[in-house]
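K.L.:
I have a structure I would like to understand better, so I am pasting it below and will then ask my questions one at a time.
The values are calculated or read from the model by the stated rules, or taken from the named source; none is laboratory data. Bear in mind that the values here come from a model prediction, so they are computed numbers and not experimental data. Please note: Cβ atoms are built from the backbone with ideal geometry, for glycine as well, and neighbour counts cover all protein chains shown.
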Amino acid sequence: MTEHEVRSLICQVEGAVRAAIDLALPELAGADPVVRRSEHADFQSNAALALAKRARTRPAEVAGAVSEALRAGTGTPVAEITVSGPGFLNLTLTDVALWRQVAARLASPRLGVGSPEQGRRTVVDYSGPNVAKEMHVGHLRTTIIGDCLVRVLGFLGAEVIRQNHLGDWGTQFGMLIQYLDDHPEATWHHDELTEGTSPVSALDSLYRAARAAFDADPAFAERARARVVALQAGDEETVTRWKEIVAESEFAFREIYHRLGVLLEPGDSDGESFYNFLLPDVVDELTTAGIAVESDGALVVFSDEVVGPDGNPVTLMVRKKDGGYGYDTTDLATIRYRVRDLKADRILYVVDSRQALHFRLIFEAARRAGWLTDGIDAAHVAFGAVLGPDGRPFKTRSGDTVKLMELLDGAVDRARAAIADKVHELTDEELTRIAEQAGIGAVKYADLSTSRIKDYVFDVERMVSFNGNTGVYLQYAHTRICSILRKAGDRIVEVDPMLPLHPAERALVLAMDAFGDTVAEVGRVLEPHRLCGHLYELAKAFTDFYEACPVLSAAERVRTNRIALCQLSARTLRQGLSLLGIAAPERM
Ligand code: ARG
């Protein structure tokens, strides 16, 4: 256990039931106590059913023996045990144990959450937009999910290294640079652009124009090809131009990152170009090891594990016929670099699920090359698509990809309307600030709360709703607790563990107590929607509590304990939202 860690009640109950099993049935020692939340009591243990089979007796008998041993145990939080059904143990905890838990969590700056990822060096590859291209809805999920995982793992003690794998290298830049040189009148630097356009949208259009010129004008095509060669050869003037394009693009990405409130910084960018000089060596190593082999004039890796529809093993392209390197080669270099130089224990690629095969092949090759060893966890953190209202990949009415900035503007506008509708006493300035927090939070929450691997429909109206499992609902729940605490005079309170608990108080305490385990689980399975679901249940438990249990008008001792519950609820929600990367305003 790390400092400040408060062991959750369910863990304590598991420990007690496990000890009771060891005592009652020594031949089955160490068995899983199968403890879950229960509708009939605080928890239940379903262990007897599985154990009876192994012990060749009836479940009721096992349940009886275990409950007896459990009753005899000392220092457990369990107050009451009943056997129900074929052999379920219903377990009710002492009120004291629940109040102590509240007090202990309140006393901890991190709410008693442990640090199970302590010291684990974890690389998170996310966002990875392409230079000279507008960030679009396709980059939304990787940026938001990646940011959430960075926050969660960091909170759990991991040593997180953020990696923004910018698409900043390739032959297309030769063409673009030539076009810019041919058209000195073109504007694309951020300081010469008008409001509402960004360097990347300007460069995006210029690139399209360059493509058109390439197809229509053989003389331009000739110059463009020469420019590609110059860029690859490191020609100074060409490289300077390319750096300028990258810097202007990063300027535009930064605006989006800032608006989204993600943690990415310029220093996190190690794009494709960063690996360029490493590629020949990576290729050499794979060739010497016999992993990369000649095929049809190119150098490829044949998979040992995956065959394509034609029955042949699928391949990674290590070096093309023309001697060029591509996306595959660069990713072989990313994994070698992250293992060898960054010394990662865990490497996460937060990239859309259509690239599943690519990463499977990269990991396989890296294992064969001896880069990835058993002690290193490499994972493709895949996610589904964002769909439009018609259930097809999200596009504008004219069929273009949706620009991320416009998408965010739209969500903030809707959030503003929804808030203005519900809350009337806000000044214009407050409304603007809160609408931004709510609109951005709504987009992020909608994304994070759907199971990662599923597609979801981008439905702004639903996202900014005050009802249901939305970011706005959670933010609003948090502001309501803040308002109670303002009236109560927020101060350090001393919890009285001897008071009886109202059922709604009980449910709230049990919900809050599961926060740390939920966060730890998100760190293990990398699924942010579990945290969203937990916070939603917590907010609902708070609402039920507040309806059933008056806080401000309660008698002094009861009131104090209820204020403590409000404080812990507010802090847990705030901490949870912050791990999702969502603001928690105090008023809205
Ligand atoms: N730039 C790529 C894209 O837009 C994503 C890069 C993901 N990271 C990686 N190491 N391949 O699809």
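K.L.:
Could you run through region 154-174 and say how many residues are surrounded by fewer than 22 Cβ atoms within 10 Å (Cβ to Cβ) and in a helix (DSSP H, G or I)?
P.N.:
Going through region 154-174 one residue at a time, the tally reaches 3.
K.L.:
What is the residue count in region 531-557 for residues that are touching a His at 6+ places or on another chain (Cβ under 9 Å), part of a helix (DSSP H, G or I) and either exposed (fewer than 15 other Cβ atoms within 10 Å of the Cβ) or not small (Gly, Ala, Ser) (or both)? Walk me through it before giving the result.
P.N.:
First, the residues of region 531-557 that are touching a His at 6+ places or on another chain (Cβ under 9 Å): 539, 545, 548-549.
Then drop every residue that is not part of a helix (DSSP H, G or I), which leaves 539, 545, 548.
Adding the requirement that they be either exposed (fewer than 15 other Cβ atoms within 10 Å of the Cβ) or not small (Gly, Ala, Ser) (or both) leaves 545, 548.
Matching residues across region 531-557 total 2.
K.L.:
Applying the selection to region 47-89, what residues are assigned to a loop (DSSP other than H, G, I, E, B), polar (S, T, N, Q) and crowded, with 19+ Cβ neighbours inside 10 Å?
P.N.:
THR76, the sole residue that qualifies.
K.L.:
One residue is enough: does region 486-509 have a residue meeting the conditions closer than 19 Å to TYR445 by Cβ and of a type outside the set (A, V, I, L, M, F, W, C)?
P.N.:
For region 486-509, residues closer than 19 Å to TYR445 by Cβ and of a type outside the set (A, V, I, L, M, F, W, C): absent.
K.L.:
Can I ask one more? Limited to region 215-229, what total is found for residues that are of a type in the set (A, V, I, L, M, F, W, C), under 29 Å from PHE253 (Cα atoms) and surrounded by fewer than 19 Cβ atoms within 10 Å (Cβ to Cβ)?
P.N.:
1
K.L.:
Moving to a separate point now. Can you tell which of ASP204, ASP191 is farther than 19 Å from VAL239 by Cβ and within 31 Å of the chain's Cα centre (by Cα)?
P.N.:
On inspection, the qualifying residue turns out to be ASP204.
K.L.:
Could you check region 396-421 and list, in sequence order, the residues that are surrounded by 15 or more Cβ atoms within 10 Å (Cβ to Cβ) and hydroxyl-bearing (Ser, Thr, Tyr)?
P.N.:
Listed by number, the list holds a single entry, THR401.
K.L.:
In this structure, is VAL525 β-branched (Val, Ile, Thr) and within 23 Å of ALA107 (Cβ to Cβ)?
P.N.:
Judged against the criteria, VAL525 is not a match.
K.L.:
Select from region 333-353 the residues that are outside any strand (DSSP E or B) and either out of contact with any Phe, Trp or Tyr (no Cβ under 9 Å at 6 or more places or on another chain) or within 10 Å of the ligand (Cβ to nearest atom) (or both) and list them in ascending order.
P.N.:
Of the residues in region 333-353, the ones outside any strand (DSSP E or B) are 333-345, 351-353.
Matches in region 333-353: ALA333, THR334, ILE335, ARG338, ASP341, LEU342, LYS343, ALA344, ASP345, VAL351, ASP352.
K.L.:
Scanning region 147-164 for residues that are within 16 Å of the ligand (Cβ to nearest atom) and out of contact with any helix residue (DSSP H, G or I) (no Cβ under 6 Å at 6 or more places or on another chain), which turns out nearest to GLU265 (Cα to Cα)?
P.N.:
Selected residue: GLN163.
K.L.:
If I go through region 316-332 residue by residue, how many of them are more than 14 Å from the ligand (Cβ to nearest atom) and among the acidic types (Asp, Glu)?
P.N.:
1
K.L.:
Just checking, does region 128-136 include any residue being acidic (Asp, Glu), within 16 Å of the ligand (Cβ to nearest atom), in a loop (DSSP other than H, G, I, E, B) and closer than 23 Å to ASP268 by Cβ?
P.N.:
Among the residues of region 128-136, at least one is acidic (Asp, Glu), within 16 Å of the ligand (Cβ to nearest atom), in a loop (DSSP other than H, G, I, E, B) and closer than 23 Å to ASP268 by Cβ, which makes the answer yes.
K.L.:
Before we move on, is TYR476 touching a Ser or Thr at 6+ places or on another chain (Cβ under 7 Å) and surrounded by 14 or more Cβ atoms within 10 Å (Cβ to Cβ)? Step through it out loud before you land on a result.
P.N.:
On the way: touching a Ser or Thr at 6+ places or on another chain (Cβ under 7 Å): no; surrounded by 14 or more Cβ atoms within 10 Å (Cβ to Cβ): yes.
Against the criterion (touching a Ser or Thr at 6+ places or on another chain (Cβ under 7 Å) and surrounded by 14 or more Cβ atoms within 10 Å (Cβ to Cβ)), TYR476 does not qualify.
K.L.:
Residue by residue through region 507-523, note down the ones that are in contact with a His (Cβ under 8 Å, 6 or more places away or on another chain) and of a type in the set (Val, Ile, Thr).
P.N.:
THR518, the sole residue that qualifies.
K.L.:
Considering only residues that are within 13 Å of the ligand (Cβ to nearest atom) and either on the phi < 0 side of the Ramachandran plot or at pLDDT below 95 (or both), which ones fall in region 105-127?
P.N.:
VAL123, VAL124, ASP125, TYR126
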